[in-house]
1. Return the inverse of the average 1/r over all pairs of distinct C-alpha atoms in the range A:214-272, which is the Kirkwood hydrodynamic radius, in Å to one decimal.
2. Please report the spacing between the Cα centers of the range A:229-292 and the range B:121-152 in Å, no decimals.
3. For the range B:265-305, how big is the tail of P(r) above 14 Å, as a whole percent of Cα pairs?
4. From the label point of residue A:67, set 7 Å from Cα along Cα→Cβ, how far away are the matching label points in the other copies, in nm, ordered shortest to longest?
5. Report the percentage of all Cα-Cα pairs in the range A:82-133 whose separation exceeds 14 Å, rounded to a whole percent.
6. If you find the alpha carbon centre of the range B:8-68 and of the range A:188-228, how far apart are they in angstrom?
7. Restricted to Cα positions, what overall size does the range B:78-187 have along the principal axes? Three whole-Å values, descending.
8. Among bridges DSSP assigns within the protein assembly as shown, what percent are antiparallel (round to 5)?
């Protein structure tokens with residue numbers, strides 16, 4: 001696949017709106033995704049960490065994937081989270097993503113066992129690619145060591161590229177370690193290294209990377225889009241600096257509870273506060289503190305979904 | 001429920017035998033469980049970490065639970081692992097355990113998100129107990145912070161005991177921290193604190209605890225049973241010391257691959273080597289080193305299933 005057709009730009013690891021009973025609010029989910037695409041996002045990471053994917057059963061995730069596929073959302077802009085602890089679940093969700101019209105999946109490694117070998121991780125991804133068996137498949141490795149205890153080392157990435165060229169094509173590096181992202185990009189210049197935070201959007205673009213896939217772009221998409229559009233101009237550093245101030249403010253609260261609290265505030269709709277335990281909504285004082293921290297930056301709430 | 005009917009003694013966190021295609025070998029699983037009960041185990045932890053539970057889909061786990069329930073195994077000696085990342089999965093598996101005739105479940109907290117609050121963990125267990133809604137249910141907390149990143153603090157245990165007396169009744173402490181186990185036992189003397197390793201079997205018994213639930217008792221059950229039977233005699237310390245030497249030898253290899261390698265060696269059947277990635281079988285040199293380390297202790301292979 002030529003690099004030009006690979007996804008690039010600002011992706012949101014989209015929030016999953018829920019009803020009061022914690023079921024997925026599909027209608028609001030579709031309209032939130034659409035709002036993101038209309039307000040600066042080049043793509044959507046569906047059912048990632050921010051989307052609380054692992055708090056849903058496989059059946060619930062299949063229903064989301066099918067609903068997104070049946071909507072008028074552009075499937076070439078969707079990157080579907082499919083990585084589970086159990087191989088059969090990952091294979092099933094990945095097949096469903098392809099059946100729904102998405103080629104790009106974002107795949108966590110099995111995240112229960114710790115201290116597993118590169119051989120073990122390689123075996124998992126190999127078996128998924130082989131079981132799915134579709135040339136259209138494009139796998140992005142989901143590297144989030146703080147949650148998984150597993151790292152995709154550069155050597156392991158090299159093995160993937162050798163064994164599955166054109167199929168395992170990139171990574172979302174959520175480690176927050178820009179040196180690691182750069183090391184991968186420099187060693188594998190055609191590998192699609194997305195920063196897991198817009199904090200490093202400009203850095204990654206200047207190093208030849210495709211962009212970012214971030215939780216906080218649920219709020220900051222318009223500002224991140226400005227950086228992306230202007231990355232090679234002399235406005236870029238100032239735009240990125242403003243974006244970093246906003247990201248820093250958002251990081252002052254737990255990510256998903258904070259984002260959902262701000263969506264509720266922006267939309268005036270408290271349904272946005274629903275999230276599945278073990279995640280819990282922010283108490284009002286913390287939500288106010290987060291709003292105050294954001295107000296002290298250049299961030300302004302856009303008209304939300 | 002009077003304490004006398006609560007499970008006590010030596011439990012094995014049982015291995016899950018598989019076929020070459022990684023499906024569960026139900027027949028061998030039943031016969032392995034029976035062998036354990038006939039050779040020193042007072043009970044079986046079904047589908048725990050050692051049983052590779054999280055490498056199986058919910059449907060695969062339901063099939064195991066149903067097969068165990070349909071067998072002639074004594075269900076009052078079974079403790080079924082049911083804790084998943086997603087609440088609906090945990091509820092479904094817990095209901096299935098009760099339907100299969102088991103009252104006792106061993107419940108992991110949701111283990112994807114890290115840094116979650118006690119309130120979030122409390123909310124998860126509360127919702128499971130309420131959704132299952134059966135007086136027979138007995139929940140053992142599965143505390144394995146090395147895998148989950150979550151700790152059940154003494155304060156959280158106190159909240160559980162206040163909210164769900166007689167339902168949340170114990171814990172498997174796999175942290176390896178005997179001081180933590182003792183702190184819980186001393187604060188809550190009626191709470192069933194199982195050590196997660198037979199290394200601390202005698203310690204926990206002398207402190208009034210019920211016993212251990214351990215991976216390595218798949219091999220050491222006969223020796224651990226000797227400690228349990230003689231814990232209040234003057235033979236206890238020497239028996240425990242021998243058991244610790246064996247446990248130390250077993251810990252020289254990765255746990256599940258090492259145990260499966262030794263089962264294959266003991267039974268002469270290489271089918272025992274099948275395990276799901278990301279876990280990978282030991283290479284022959286490491287298996288030999290483990291066997292040599294065991295041979296240097298008092299351990300001798302029993303006639304295995």
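Read the figures in this text as sums done on the coordinates, not as results from a lab. The structure displayed is predicted, hence computed values, not measured ones. With ideal geometry, Cβ positions are generated from the backbone for all residues, glycine too; neighbour counts draw on all protein chains shown.
1. Details: mean 1/r = 0.0815 Å⁻¹.
The answer is 12.3 Å.
2. The distance from the Cα centre of the range A:229-292 to that of the range B:121-152 comes to 31 Å.
3. Details: 484 of 820 pairs.
Above the 14 Å cut-off, the range B:265-305 has 59 percent of its Cα pairs.
4. Between copies, matching label points for residue A:67 lie 3.6 nm apart.
5. Details: 643 of 1326 pairs.
Of the Cα pairs, 48 percent sit more than 14 Å apart.
6. About 45 Å separates the Cα centre of the range B:8-68 from the one of the range A:188-228.
7. Cα extents, longest axis first: 36, 29, 24 Å.
8. Numbers: 2 of 58 bridges.
Around 5 percent of the beta bridges assigned by DSSP in the protein assembly as shown are antiparallel ones.
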